[in-house]
There are 4 protein chains.
Amino acid sequence: MASSSAPIKVGIVGGTGYTGVELLRLLSAHPNAKLHAITSRKEEGMPVADMFPNLRGHVDLAFSAPENAALSECDVVFFATPHGVAMGQARALIEAGVKVIDLAADFRLQDTAVFEKWYKMAHACPDVLKDSVYGLVELNREKVAGAQVIGNPGCYPTTVILGLTPLLEKGLVKLDNIIADCKSGVSGAGRKTEVGSLFSEASDNFKAYAVSGHRHHPEIVEQLGKIAGQPVDLTFVPHLVPMIRGMLSTIYVKIKPEALDTDFQALYEQRYQNEAFIDVMPAGSLPETRSVRASNQLRIALHRPGNGDTLIVVVVQDNLVKGAAGQAVQNMNVLFGLAEQTGLNQVAILP
Amino acid sequence: MASSSAPIKVGIVGGTGYTGVELLRLLSAHPNAKLHAITSRKEEGMPVADMFPNLRGHVDLAFSAPENAALSECDVVFFATPHGVAMGQARALIEAGVKVIDLAADFRLQDTAVFEKWYKMAHACPDVLKDSVYGLVELNREKVAGAQVIGNPGCYPTTVILGLTPLLEKGLVKLDNIIADCKSGVSGAGRKTEVGSLFSEASDNFKAYAVSGHRHHPEIVEQLGKIAGQPVDLTFVPHLVPMIRGMLSTIYVKIKPEALDTDFQALYEQRYQNEAFIDVMPAGSLPETRSVRASNQLRIALHRPGNGDTLIVVVVQDNLVKGAAGQAVQNMNVLFGLAEQTGLNQVAILP
Amino acid sequence: MASSSAPIKVGIVGGTGYTGVELLRLLSAHPNAKLHAITSRKEEGMPVADMFPNLRGHVDLAFSAPENAALSECDVVFFATPHGVAMGQARALIEAGVKVIDLAADFRLQDTAVFEKWYKMAHACPDVLKDSVYGLVELNREKVAGAQVIGNPGCYPTTVILGLTPLLEKGLVKLDNIIADCKSGVSGAGRKTEVGSLFSEASDNFKAYAVSGHRHHPEIVEQLGKIAGQPVDLTFVPHLVPMIRGMLSTIYVKIKPEALDTDFQALYEQRYQNEAFIDVMPAGSLPETRSVRASNQLRIALHRPGNGDTLIVVVVQDNLVKGAAGQAVQNMNVLFGLAEQTGLNQVAILP
Amino acid sequence: MASSSAPIKVGIVGGTGYTGVELLRLLSAHPNAKLHAITSRKEEGMPVADMFPNLRGHVDLAFSAPENAALSECDVVFFATPHGVAMGQARALIEAGVKVIDLAADFRLQDTAVFEKWYKMAHACPDVLKDSVYGLVELNREKVAGAQVIGNPGCYPTTVILGLTPLLEKGLVKLDNIIADCKSGVSGAGRKTEVGSLFSEASDNFKAYAVSGHRHHPEIVEQLGKIAGQPVDLTFVPHLVPMIRGMLSTIYVKIKPEALDTDFQALYEQRYQNEAFIDVMPAGSLPETRSVRASNQLRIALHRPGNGDTLIVVVVQDNLVKGAAGQAVQNMNVLFGLAEQTGLNQVAILP
């Protein structure tokens, strides 16, 4: 573990996407971290700030080829890569004493059969996976602190799991009737050049996608099942919003007859009272995605129309921060014994 | 009824909002309609095209004061006004032999107690209301044809009612467990100057609103109840999308056990096979709002994840066209015995 | 030439881009045209409406392979292809008696050396080029009527040339000091998948591009030189606006001392009084791009701050309509002796 | 002057607009400042974070009425008010030993006749104005350090003045032929509810505005005149871009014949080499507004097409930061002897 005086040496594999540049934004301003290496085979030699001009004056590093990068000299390596990359390199890094935080899906699903079904590849290191930790700090803080390899949660799962945790822990809602109607900004699709992500396709437009099945579905279901102690049936429909950042999930649950008298507002406030990054808003609030833009905050509001048996949980986050890079830094902070908010206390940008 | 040779003389009361300018766009190009008068007390004397420069070269009229407008000379008068205006003027127009199509809510709700609760005003002419027709042509074509006063449906109700009609007519889904998660472009809020509708507030942002109760909720419930023949319980959550036009509703229903074998795709295709403005897309389609931008089309797609007991109905429309002005013109066409698509056959604007 | 009774048989080569779908939108509603063939090697067999769902119910054609397409049976073929395609096929079509309208640059520049410098390819048919006509109808109406091959103007050139024509024809401004500061929506970059055109790159952002040289610069200069009868020096800076459609050019010229007394407003109104698609707005107007969205209109407004020697010409158009597909249809109308506004009289979409 | 140990006590008058919330974002995270009072007559008693939810957890203050606000206990008071407010309160604050930084125009123009012409009100305290300092730190650092009252520059002037300073200081360009074609995001219009600022009006649209005269014109001209030592003639056209934040100015100047050999790139790099917030980008760069989003950075790039006599200076900034609140905090830092970057070193948000 890094002492308080020596900064954490950080490596980033694959820093040319949006989670990569967001990691760079956060880590370049982190008081206890020092960027040591960042790799991209394709962009070897290019100064990072040439690709991402917001980093001019903040990051001096250039991209290095993966094989040259001094990754094994790092204290921690973040993988901001496509699925399948981290699992190929994790073992060597662990053996070199380097912690691994994967922002892709290689260490999210414990069930390798499910992983193979959804990601169309065999898992390269099931044993490493078995010892890895699902990096949702609010649920697994202690395990994260002792982990070698962390699977950073998906963006949708972060909102749905944190939105449902207080209910499932107490067994207050029916498990066969949960609907998560989720909406994401376009940056969630990454910096890949696909027609559907073009401005002229995504702007001034709204659509559902992946209704027949999205990779975050099994991830959510696996985690919810652990919390509930039994299988959970979830209907999950993601939608694409013409905005860059931001995610809002509207979750509908049916309250069990015997739980109708619960004070849900108090339940949530109590469950998350010590969580720096979870804001349970006053009853009846209407959270907006811009209220968390570029911050690691996640906000939750509860609604119960007509005081009936339907509870609506509305959750917002910035998909690139609490839904990706910020959460990864939060994991790093826990991993290295730092205060959890270190380098993550930015005020959201509004307007 | 207008003969085929003489154009329909059209009046518009309150033409300074978005439904007003959209009516003007459609009617100025309508082969059987002639704009005769358009009123606005505030803008009296201003050429309409000065306020809406897209109309330059297409509309020569200027706004006239309501009292001067030759409304009683018209064959039909559209009210593109705030709630409460049409009901004050409807009787006089009827007596002058003028048909009335109200784009606000005065003639949507048959239950005046419900109207007064949600719109905070007593209904000015319950007897006229009683004889009025809810102008959802696909449900009430014959009644529309014979109507004196038409209540043009709300935008959200149009999507939710048409999305559920085939299911409710056949009694295939549970009536106590219907969720409509709806998303609208900002133009739905109109041209009123409110902080929440400012570009810097609504752009790059997403939020739910009116979760505790929206005026379209009782309208939807009243109509669904008529179709189902019994009360329907609906959870309805509207959201605001950073786009100008467009509406998408994601509707979740639970299929009754005895209806699990239904071919829902065939059901919808059959129900709407003769409807020019309803497009039941192939199974598994993902309709986008831009596919109907500036057109009177409404598209529906069905999804049934894992072939389970949850059916998802996705509906898109342009909230200003099929959800407002286009539907009003559709009503006019039926009212005057014209082919329903007259003047409404525009191809949607994409990109 | 097509008789008034037989529709014009139209072919489109390369219909998978934005100018292609816009041609389809316009031509499918054109009263005198009939879509006969549309080609795309990559998408052979795919119904056009599967790619562009706004065309569902309006266009039944499927893409055919170029070699199978019955292009030689057509009366006119539009090329909505990358630069270099039309010039390879034009001769064969001409010999088959087919008119050619190229929406790319193959027939825009008469100077083949300039063409080769900017487009990095030799011109395949300089003789055909020599007989081709630059399809800016407002300047070349008679030549267009008699042409075999038409080079449809670029989007920026359309605004700058039409914005300056009245001044250059009369020799009223200095030719060594013209600045065109132009702004375009993102659809101008086409449907190609490039990083810079991604929503998350282009949204909520503004930039200049191609300041060191843009392919439309030589095209503008060649045309302005023809009008002025002598070389013109132009500074041209294009910018990218986070909107889908629309183009606004702010043109700054220095009035010659002897022309300071000119009534420029009257000059423009007179010059364009018979042009259906050019709207010289009242003095002091501030044209908006949305006032021409999805229409073939081009609007011009003049400003002369402090009545000094600087004249500012502001021009707006929809880059995909008057700047591309609409102008191509306008050319077709002239080519086949139709009224110029046939099928092009849509009201712009606002809001 | 505040000692390094005691934080600067800060008051904000009129904190309900966009410059107000941006001040709050920056000052709440400023290591040497402490928010002491924030006033709004209209919103008295409302917690600031209820209006601006991004401040939840960061700002605990509630709005107080102006007369109750402990403004005279502050070390510095920012006026984020409409024009005309600060000049009414400045004298009393000065007498109480409080520094004043006005983000409106009351202390920008030294010429009161010009002020009265453009702002339609007499200046309330010409003597205070005479002693005030135009707070463009890069030009007036020493004066700012000793000022009692600072007029924080307008957003457009910041870009145009800093973009031209190196040229005017050296007398390298013609002063009768300067064009500033400027583009701003919509937040520049503030949080006022005006039709033109509505999402449905400003989105997917582009326009010029105030071509006949903008209040920033006399401000720019006054400052440029001071730098040049003689009157400067400027053509200034502002445009509205459909984005929330960001400003780009494209400035066109004519190089004097005797200055054609100048190495302009070197000139700019040298002039601004010690400026933390001015980034002279490599020759040929194309700055984007998003590269400075939510940061106090201003970036400049030079272009000289064909190495001719036209020089193009492209300048970008975030209009709410370097163009308003960030520059105000920069002024505060200088005023209180702090390192200029204190609390202003945020990395821009990209994407």
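The values are calculated or read from the model by the stated rules, or taken from the named source; none is laboratory data. In this text, all values refer to a predicted model and were calculated from it rather than measured experimentally. FYI the Cβ positions are ideal-geometry reconstructions off the backbone, even for glycines, and counts take in every protein chain you see.
Checked against (1) within 10 Å of chain D (Cβ to nearest Cβ); (2) at pLDDT 95 or above, C:LYS226 meets all criteria but (1). When D:PRO53 is evaluated against the numbered criteria (1) crowded, with 22+ Cβ neighbours inside 10 Å; (2) in contact (Cβ under 8 Å) with a residue 24 or more places away in the chain, which criterion, by number, is the only one it fails? For D:PRO53, the failing item is (2). Scanning region C:168-214 for residues that are of a type in the set (Val, Ile, Thr), assigned to a loop (DSSP other than H, G, I, E, B) and more than 14 Å from chain A (Cβ to nearest Cβ) yields one hit, C:VAL211. Considering only residues in region D:94-146 that are exposed (fewer than 12 other Cβ atoms within 10 Å of the Cβ) and under 21 Å from the mean Cα position of the chain (by Cα), the one that is farthest from D:LEU224 (Cα to Cα) turns out to be D:GLY146. Filtering region B:221-246 to residues that are within 17 Å of the chain's Cα centre (by Cα), over 20 Å from B:LEU302 (Cα atoms) and assigned to a helix (DSSP H, G or I) leaves B:VAL221, B:GLU222, B:GLN223.
Evaluation of A:TYR156 against the conditions (1) surrounded by fewer than 24 Cβ atoms within 10 Å (Cβ to Cβ); (2) more than 14 Å from chain C (Cβ to nearest Cβ) shows that the sole unmet condition is (1).
Is there any pair with a first residue in region B:200-226 that is over 18 Å from A:ASP204 (Cβ atoms) and a second that is of a type in the set (Phe, Trp, Tyr) and outside any helix (DSSP H, G or I) whose Cβ atoms are under 6 Å apart and which are 6 or more apart or on different chains, and what are they? Qualifying pairs under 6 Å: B:HIS217/B:PHE236. What number of residues within region B:12-36 satisfy the criterion of being over 19 Å from C:VAL347 (Cβ atoms) and modelled with pLDDT of 95 or more? Residues meeting the conditions: 1.
Every condition in (1) more than 18 Å from A:TYR18 (Cβ to Cβ); (2) of a type in the set (A, V, I, L, M); (3) modelled with pLDDT of 95 or more is met by A:VAL292 except one, and the failing one is (1). Going by the structure shown, is B:GLY185 within 30 Å of D:THR16 (Cα to Cα) and surrounded by 20 or more Cβ atoms within 10 Å (Cβ to Cβ)? Yes: the conditions hold for B:GLY185. Can you find, within region B:50-63, the residue that is farthest from the other protein chains (Cβ to nearest Cβ) among those that are outside any loop (DSSP other than H, G, I, E, B) and closer than 15 Å to C:ARG293 by Cα? The qualifying residue farthest from the other protein chains (Cβ to nearest Cβ) is B:LEU55. What are the residues in region D:303-317 that are crowded, with 24+ Cβ neighbours inside 10 Å and either facing another protein chain (nearest Cβ under 10 Å) or out of contact with any strand residue (DSSP E or B) (no Cβ under 9 Å at 6 or more places or on another chain) (or both), if any? Within region D:303-317, D:VAL314, D:VAL316 meet the criteria. B:MET87 falls short on exactly one of the conditions (1) at pLDDT below 95; (2) in contact with a Cys (Cβ under 8 Å, 6 or more places away or on another chain); (3) not small (Gly, Ala, Ser), and that condition is (1).
Report yes if some residue within region D:243-262 is free of Cβ contacts under 8 Å to residues at least 40 places away in the same chain and more than 14 Å from chain B (Cβ to nearest Cβ); otherwise report no. Yes - at least one qualifying residue is present in region D:243-262. A count restricted to region B:120-167 and to residues that are in a helix (DSSP H, G or I) and either acidic (Asp, Glu) or in contact with a Gly (Cβ under 7 Å, 6 or more places away or on another chain) (or both) stands at 7. Residues to consider are D:PHE107, D:PHE52; find the one that is within 23 Å of A:MET281 (Cα to Cα) and either modelled with pLDDT of 95 or more or among the small types (Gly, Ala, Ser) (or both). The conditions single out D:PHE52.
Across region B:303-320, which residue is farthest from the chain's Cα centre (by Cα) among those that are of a type in the set (A, V, I, L, M) and within 14 Å of B:ARG245 (Cβ to Cβ)? Among those that are of a type in the set (A, V, I, L, M) and within 14 Å of B:ARG245 (Cβ to Cβ), it is B:VAL316. For region D:191-209, the count of residues that are of a type in the set (Gly, Ala, Ser) and over 30 Å from C:ILE349 (Cβ atoms) is zero. Of all residue pairs spaced 6 or more apart or on separate chains, those with beta-carbon atoms under 9 Å, a first member in region D:264-288 that is more than 13 Å from every other protein chain (Cβ to nearest Cβ) and a second member that is among the small types (Gly, Ala, Ser) and surrounded by fewer than 19 Cβ atoms within 10 Å (Cβ to Cβ) are D:PHE264/D:ALA283; D:GLN265/D:ALA283.
Taking each residue of region C:116-128 that is under 13 Å from C:ALA105 (Cα atoms) and looking for partners that are part of a loop (DSSP other than H, G, I, E, B) and of a type in the set (Lys, Arg) with beta-carbon atoms closer than 6 Å, six or more apart or interchain, yields C:TRP118/C:ARG215. Of the residues making up region D:1-23, those that are more than 14 Å from chain A (Cβ to nearest Cβ) and either surrounded by fewer than 20 Cβ atoms within 10 Å (Cβ to Cβ) or in contact with a Pro (Cβ under 9 Å, 6 or more places away or on another chain) (or both) are D:MET1, D:ALA2, D:SER3, D:SER4, D:SER5, D:ALA6, D:PRO7, D:LYS9, D:VAL13, D:GLY14. Only one residue in C:LEU344, C:LEU335 is over 19 Å from C:PRO166 (Cα atoms), more than 8 Å from every other protein chain (Cβ to nearest Cβ), in contact with a His (Cβ under 9 Å, 6 or more places away or on another chain) and hydrophobic (A, V, I, L, M, F, W, C), so which one is that? The unique qualifying residue is C:LEU344. D:LEU26 falls short on exactly one of the conditions (1) more than 10 Å from chain A (Cβ to nearest Cβ); (2) buried (at least 22 other Cβ atoms within 10 Å of the Cβ), and that condition is (1).
Residues are listed down the side, and each one gets a yes or a no for (1) in a helix (DSSP H, G or I); (2) within 19 Å of the chain's Cα centre (by Cα); (3) under 26 Å from D:VAL237 (Cβ atoms); (4) at pLDDT below 95:
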{"position": "C:LEU248", "(1), (2), (3), (4)": "no, yes, yes, no"}
{"position": "C:ALA301", "(1), (2), (3), (4)": "no, no, yes, no"}
{"position": "C:LYS322", "(1), (2), (3), (4)": "yes, yes, yes, no"}
{"position": "C:VAL334", "(1), (2), (3), (4)": "yes, yes, no, no"}
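Taken over region A:250-281, the criterion of being surrounded by 22 or more Cβ atoms within 10 Å (Cβ to Cβ) and in a loop (DSSP other than H, G, I, E, B) is satisfied by A:PHE277 alone. Of the residues in region D:74-82, none is aromatic (Phe, Trp, Tyr), within 30 Å of D:HIS214 (Cα to Cα) and assigned to a loop (DSSP other than H, G, I, E, B).
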